[in-house]
Amino acid sequence: MKMNKTLAALLIGAGLISAPAMAAGPFYGGLNIGQFKANDCSGDCSDTAYKLLAGYQFTPNVGVEVAYADGGNFQGAKPTAFGVGVVGSFPVGNNISLLGRLAINNSKVKFDGGGSDSSTELGFGFGAAYAITPAIDLSLEWERFKFKNGDGDLVSLGAKMK
């Protein structure tokens, strides 16, 4: 699984190299890679995680986004979430913006022994982004995902191509 995440990151990176030739538009896609940690859990309850996202920027400050997050695999649990949300972006300096996110997620935890728990929950997050070109942003983000029997946090670095 970790090899697949590394391969995905390399493919996105290769795409970013050719992205400066593209003009920035309202549609975007991206990949975040980081660490997911389940709260209300004892022991090692974290793993490498990723999030794939696509969105549409209605204005320079407001967009809508769909995302799939995979929280990895720890203690026999595999958390995932698919959501739709609103993202706000607030410029604070040269090429730097603060981000806020509010989403409705279909969250699911599959268990190694069989069975799963799923629910639809509100998720939220915040972060900061740096526009390295008009078409490419790099970000550092924190997000809270809620599940039927608890919640977890994803801290990630991301790249977004417009």
Filter segment 6-36 for residues that are of a type in the set (V, I, T) and modelled with pLDDT under 95; the one that is surrounded by the most Cβ atoms within 10 Å (Cβ to Cβ) is I12
Residue pairs within 6 Å by beta carbon, gap of at least six or interchain, first lying in segment 71-88 and closer than 17 Å to N32 by Cα and touching a residue at least 60 places away in the same chain (Cβ under 8 Å), second open to solvent by less than 20 Å² (accessible area, probe 1.4 Å) and among the polar types (S, T, N, Q), listed first then second, are A81/N105; A81/S107
Taking segment 37-68 and keeping only residues that are open to solvent by 20 Å² or more (accessible area, probe 1.4 Å) and among the basic types (K, R), one is left with K37
Every listed condition ((1) farther than 17 Å from G34 by Cα; (2) modelled with pLDDT of 95 or more; (3) surrounded by fewer than 20 Cβ atoms within 10 Å (Cβ to Cβ)) holds for S116 save (2)
Within segment 121-137, of all residues that are in a strand (DSSP E or B) and more than 19 Å from F36 (Cα to Cα), the one most open to solvent (accessible area, probe 1.4 Å) is Y130
Checked segment 140-158 for anything small (G, A, S), over 10 Å from the mean Cα position of the chain (by Cα) and crowded, with 18+ Cβ neighbours inside 10 Å; matches are G152
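The values are calculated or read from the model by the stated rules, or taken from the named source; none is laboratory data. Fair warning: this is a prediction, and the values are worked out from it, not measured in the lab. A quick note on method: Cβ atoms are made from the backbone with ideal geometry, for glycine too, and the neighbour counts reach across all protein chains shown. Ligands, DNA and RNA are stripped out before the accessible areas are found, and what is left, the full protein with its side chains, is counted by its heavy atoms. Shrake-Rupley method; radii C 1.70, N 1.55, O 1.52, S 1.80 Å.
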